[in-house]
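Note sheet for the following structure.
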Amino acid sequence: MNNKLLIISGYTSSGKNTVVEKLIKKYKFKNIVSTTTRPIRKNEIDGVDYFFTSKENFQSMLSNDEFVETRSYNTIINVNGKNEKDTWYYGIHKNEFENSNTQLTAIVDKQGAIDLINYYGEDNCVWIYLECDENILKSRCLSRGDYIEEVNRRIHADKKAFKGVEELVHATINTEQPIDSVIEQIMDVYNYYN
């Protein structure tokens with residue numbers, strides 16, 4: 001592969017998907033699409049945003065060692081007006097990296113980024129952490145239809161999961177500024193290390 005893998009990490013609703021959509025559109029990046037067991041959200045497309053699958057199928061792929069990295073998240077879902085606990089699984093399939101001569105980007109959490117770097121090689125990755133004010137994160141989550149209990153749980157979990165990330169990444173970029181400025185800063189960092 002000629003180009004380094006661009007890893008994008010950040011709290012829930014920090015702007016990761018928006019950033020990757022812009023990178024794809026403007027700079028022709030190819031997004032590494034994760035597989036997940038979580039329900040599809042309004043406006044998401046299977047095979048574009050995620051590969052949506054059943055827990056049984058995910059476990060089968062996991063047993064067959066088909067993933068580079070995997071994560072599970074305990075979550076709260078609203079079923080018929082009642083909050084219920086569930087577990088969502090995410091993973092990046094190994095075949096997402098095959099035969100790619102294009103710029104790749106992946107959205108993962110801190111541990112996922114570490115796993116990708118271990119798989120792909122530190123010299124072959126550029127890791128960007130997106131940050132944002134907690135009140136803005138909550139507002140973004142609620143505007144996409146997430147339940148407040150789940151929003152609070154995810155932000156609390158992200159605080160633990162991303163602790164110390166600033167010391168590991170190539171750059172931290174705040175997403176409260178216009179998206180074009182965010183993209184320009186990401187590309188400056190990517191090009192510097194590429």
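Kindly evaluate residue 4 against the criterion of being of a type in the set (Lys, Arg), more than 30 Å from residue 164 (Cβ to Cβ) and touching a residue at least 12 places away in the same chain (Cβ under 8 Å).
Values: of a type in the set (Lys, Arg): yes; more than 30 Å from residue 164 (Cβ to Cβ): no; touching a residue at least 12 places away in the same chain (Cβ under 8 Å): yes.
Spelling it out, it is not the case that residue 4 is of a type in the set (Lys, Arg), more than 30 Å from residue 164 (Cβ to Cβ) and touching a residue at least 12 places away in the same chain (Cβ under 8 Å).
In the range 22-50, of all residues being under 13 Å from the mean Cα position of the chain (by Cα) and at pLDDT 95 or above, the one that is nearest to residue 116 (Cα to Cα) corresponds to 35.
The requirement of being surrounded by 15 or more Cβ atoms within 10 Å (Cβ to Cβ), in contact with a Ser or Thr (Cβ under 9 Å, 6 or more places away or on another chain) and not aliphatic (A, V, I, L, M) is not satisfied by residue 125.
In this structure, does residue 60 turn out to be hydroxyl-bearing (Ser, Thr, Tyr) and either part of a helix (DSSP H, G or I) or loosely packed, with under 13 Cβ neighbours inside 10 Å (or both)? Full working, then the answer.
Numbers: hydroxyl-bearing (Ser, Thr, Tyr): yes; either part of a helix (DSSP H, G or I) or loosely packed, with under 13 Cβ neighbours inside 10 Å (or both): yes.
Against the criterion (hydroxyl-bearing (Ser, Thr, Tyr) and either part of a helix (DSSP H, G or I) or loosely packed, with under 13 Cβ neighbours inside 10 Å (or both)), residue 60 qualifies.
Checking the structure you have, find out if any residue of the range 42-55 is acidic (Asp, Glu), in contact (Cβ under 8 Å) with a residue 40 or more places away in the chain and touching a strand residue (DSSP E or B) at 6+ places or on another chain (Cβ under 8 Å).
Taking the range 42-55 and keeping what is acidic (Asp, Glu), we get 44, 46, 49.
From what's left, in contact (Cβ under 8 Å) with a residue 40 or more places away in the chain: none.
No, because not a single residue in the range 42-55 is acidic (Asp, Glu), in contact (Cβ under 8 Å) with a residue 40 or more places away in the chain and touching a strand residue (DSSP E or B) at 6+ places or on another chain (Cβ under 8 Å).
Residue pairs whose Cβ atoms lie under 7 Å apart, sitting 6 or more positions apart in sequence or on different chains, and linking a residue in the range 154-176 that is without any contact (Cβ under 8 Å) to a residue 60 or more places away in the chain and under 27 Å from residue 124 (Cα atoms) to a partner that is basic (Lys, Arg) and crowded, with 17+ Cβ neighbours inside 10 Å, are 161/110. When every residue of the range 3-17 is checked against the conditions, none turns out to be in a strand (DSSP E or B), under 25 Å from residue 175 (Cβ atoms), open to solvent by 70 Å² or more (accessible area, probe 1.4 Å) and at pLDDT 90 or above. Taking the criterion of being in a loop (DSSP other than H, G, I, E, B), of a type in the set (Lys, Arg) and either closer than 21 Å to residue 142 by Cα or without any contact (Cβ under 8 Å) to a residue 12 or more places away in the chain (or both), the residues of the range 18-41 that qualify are 38, 41. Within the range 134-154, the set of residues being open to solvent by 70 Å² or more (accessible area, probe 1.4 Å) and in contact with a strand residue (DSSP E or B) (Cβ under 9 Å, 6 or more places away or on another chain) comprises 147, 149. Among the residues of the range 91-102, is any under 21 Å from residue 191 (Cα atoms) and either open to solvent by 40 Å² or more (accessible area, probe 1.4 Å) or in contact with a Ser or Thr (Cβ under 9 Å, 6 or more places away or on another chain) (or both)? Within the range 91-102, one or more residues are under 21 Å from residue 191 (Cα atoms) and either open to solvent by 40 Å² or more (accessible area, probe 1.4 Å) or in contact with a Ser or Thr (Cβ under 9 Å, 6 or more places away or on another chain) (or both).
The values are calculated or read from the model by the stated rules, or taken from the named source; none is laboratory data. Model, not experiment: these values are computed from the prediction. Please note: Cβ atoms are built from the backbone with ideal geometry, for glycine as well, and neighbour counts cover all protein chains shown. With ligands, DNA and RNA removed, areas are computed over all heavy atoms of the protein, side chains included. Shrake-Rupley method; radii C 1.70, N 1.55, O 1.52, S 1.80 Å.
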